[in-house]
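Colleague: Before anything else, here's the structure in question.
The values are calculated or read from the model by the stated rules, or taken from the named source; none is laboratory data. Not measured: the values here are computed from a predicted model. For neighbour counting, all protein chains shown are included, and Cβ atoms are generated from backbone atoms with ideal geometry for every residue, glycine included. We work out accessible area using only protein heavy atoms, side chains counted, and drop any ligands, DNA or RNA first. Shrake-Rupley method; radii C 1.70, N 1.55, O 1.52, S 1.80 Å.
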Amino acid sequence: MKTIVIFGGTGFIGTNLAEHLINRGNDIYVVGRNKPRTYHGEFIQWNGHTSGDWHNKLPKPDVIINLVGKSVDCIKTPDNIDEILRSRCQSVILIRQWLDEINHSPELWLQMSTAHIYGDSSHILDDDCSIFGYGLAPYVGKQWENTFLEHLPTNTREIRMRTSFVLAKNGGALHDLKRIVKLGLGGKVGSGKQGISWIHIDDFCELVSLFINDRTCKGAYIISSPKPESNRLFMNALRTKLRYPIGLPSPAFLVKFGAKYIFKTDYTLALYGRYVYPSRLVDGGYRFKYNTLTDALKAC
């Protein structure tokens, strides 16, 4: 049994992960702003920006999992951009300050990162790709990881999880995509050629367990299925799952309008994408529970 503290564990990824790790016999503490309705385990409140009483309510952990970060599903105003970056880096600094205060170095620190760090590319990029992309998302990803590495305690094993689009039936961006399909707009978005790299939440949770138990695992990993799909094929698979055989395509100008005025989000999330391949996981022998998009969507 491990004592595990999950920071930012109140979203759909964190709550699924907490339940998974509890079922594996671990002692779990979730730290976040507000306790999620679907989680009934140990919960410690913090504001994500400052130290406070939470310092005194947590045990010395064997493992830290940091999932903190403002959602990128928003319009990229200066304030939102600042919070996207600040929330990610500040949480790392606060956790390190707490560890220094209790004079403790955990066995392992699992740090959420993003597959967006590779930018938007029509080419398949794997773990050996040493060139990151250009733009806001790659910049945030690099600053996020650099801050983490700068504040990693000595002798603590580290994992950076460069995570793609996480599929689950109880949350995440898939919920909005289902709404779009049910409105009859489930055709290709823009050119339809942009990549959608994805992973099912069950595989995400299994990989976290793998990283905790296998001490040979360290460094950065692409957390994604080995079979990314184009936007056109992804939307077709989602329509099939929802039994909507017809979906009108969404041209770029319509996506930009709808993103700003209806969904209140960033149109680039739909019009751009990336194809990533988890070469370290595949070469290491990990067998994905959901190896195809069709199977993953059936479970969502």
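Colleague: Which one of 69, 52, 41 is farther than 22 Å from residue 176 by Cβ, of a type in the set (Gly, Ala, Ser), in contact with a helix residue (DSSP H, G or I) (Cβ under 8 Å, 6 or more places away or on another chain) and open to solvent by less than 40 Å² (accessible area, probe 1.4 Å)?
Modeller: On the way: 69 fails: farther than 22 Å from residue 176 by Cβ; 52 fails: in contact with a helix residue (DSSP H, G or I) (Cβ under 8 Å, 6 or more places away or on another chain).
Of the residues listed, the single one that is farther than 22 Å from residue 176 by Cβ, of a type in the set (Gly, Ala, Ser), in contact with a helix residue (DSSP H, G or I) (Cβ under 8 Å, 6 or more places away or on another chain) and open to solvent by less than 40 Å² (accessible area, probe 1.4 Å) is 41.
Colleague: Being surrounded by fewer than 18 Cβ atoms within 10 Å (Cβ to Cβ), aliphatic (A, V, I, L, M) and at pLDDT below 95 is the filter here; which residues of the range 253-295 pass it?
Modeller: Across the range 253-295, the qualifying residues are 254, 262.
Colleague: Name the single residue, out of those in the range 98-132 being buried (at least 21 other Cβ atoms within 10 Å of the Cβ) and among the small types (Gly, Ala, Ser), that is nearest to residue 6 (Cα to Cα).
Modeller: 113
Colleague: For residue 77, are the conditions met, namely being out of contact with any Leu (no Cβ under 8 Å at 6 or more places or on another chain), under 24 Å from residue 151 (Cβ atoms) and open to solvent by 40 Å² or more (accessible area, probe 1.4 Å)?
Modeller: Details: out of contact with any Leu (no Cβ under 8 Å at 6 or more places or on another chain): yes; under 24 Å from residue 151 (Cβ atoms): no; open to solvent by 40 Å² or more (accessible area, probe 1.4 Å): yes.
No, not satisfied.
Colleague: Taking the criterion of being within 21 Å of the chain's Cα centre (by Cα), under 30 Å from residue 213 (Cα atoms) and modelled with pLDDT of 95 or more, would at least one residue in the range 50-63 satisfy it?
Modeller: Yes: one or more hits.
Colleague: All but one of (1) open to solvent by less than 70 Å² (accessible area, probe 1.4 Å); (2) within 30 Å of residue 193 (Cα to Cα); (3) outside any loop (DSSP other than H, G, I, E, B) hold for residue 95; state the number of the condition that does not hold.
Modeller: Failed condition: (2).
Colleague: As an exercise: evaluate residue 187 against (1) open to solvent by less than 10 Å² (accessible area, probe 1.4 Å); (2) part of a helix (DSSP H, G or I) and give the number of the one condition it does not meet.
Modeller: It fails just one condition, (2).
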